Amino acid sequence: MPYSPQYIDHFSNPRGVGEVEKPDGEATVKHEGGGCFDTVKLTLKIDGGKVADAKFRARACSGTIAACSALCERLPGMEVEAAKTLTPDDLAKHLGGIPDKKRHSVELAIQALKEALGVGL
């Protein structure tokens, strides 16, 4: 599968880079399989049961940067309960698909989200 225009856009122009001040949710996750050692820190601001802001910092491959950017673009305004149900497949669809070799990227972004929201995987 080739890289989608959405994937390329999120990698080239990532959204949500940085850290939320005084976050209500925060997680740092690492992927250590398949020769990839990506690290992601996700911070969230919650207001009135909704995600008000989401930001990330990453030392990661293009897939993880694109996945975290797409996640941070999608989360603001989303009900926390709905955010808790997001899956790697949801994020892959938002990116217009993702190559199998980059599957770990959407999984890592969702893992960070679930941990930041205090949800077990």
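Step by step: first the residues of the range 55-87, then only those that are among the small types (Gly, Ala, Ser) and without any contact (Cβ under 8 Å) to a residue 40 or more places away in the chain, then the one that is farthest from Ala112 (Cα to Cα). Which residue is that?
Out of the qualifying residues, it is Gly77.
What's the total number of residues in the range 13-35 that are closer than 17 Å to Gly118 by Cα and in contact with a helix residue (DSSP H, G or I) (Cβ under 6 Å, 6 or more places away or on another chain)?
4
Given the condition surrounded by 14 or more Cβ atoms within 10 Å (Cβ to Cβ), in a strand (DSSP E or B) and at negative phi, answer yes or no: does some residue in the range 2-9 qualify? Before the answer, list the steps.
The first filter runs over the range 2-9 and keeps only residues surrounded by 14 or more Cβ atoms within 10 Å (Cβ to Cβ), leaving 3-4, 6-9.
Imposing the further condition that a residue be in a strand (DSSP E or B) reduces the set to none.
No, there is no match, as no residue in the range 2-9 is surrounded by 14 or more Cβ atoms within 10 Å (Cβ to Cβ), in a strand (DSSP E or B) and at negative phi.
Only one of these conditions is not met by Arg57: (1) modelled with pLDDT under 95; (2) in contact with a strand residue (DSSP E or B) (Cβ under 6 Å, 6 or more places away or on another chain). Which number is it?
All conditions pass for Arg57, except number (1).
Scan the range 22-54 for residues that are surrounded by fewer than 14 Cβ atoms within 10 Å (Cβ to Cβ), over 23 Å from Ile98 (Cβ atoms) and touching a residue at least 24 places away in the same chain (Cβ under 8 Å) and jot them down.
Gly49
Of all residues in the range 10-21, count the ones that are in a helix (DSSP H, G or I) and buried (at least 16 other Cβ atoms within 10 Å of the Cβ). Quick ask: steps written out before the conclusion?
Kept after step one, since they are in a helix (DSSP H, G or I), are these residues of the range 10-21: 10-12.
The next check asks that each one be buried (at least 16 other Cβ atoms within 10 Å of the Cβ); those that pass are 10-11.
Of the residues in that region, 2 qualify.
The values are calculated or read from the model by the stated rules, or taken from the named source; none is laboratory data. Note that this is a predicted model, so its numbers are computed, not measured. Please note: Cβ atoms are built from the backbone with ideal geometry, for glycine as well, and neighbour counts cover all protein chains shown.
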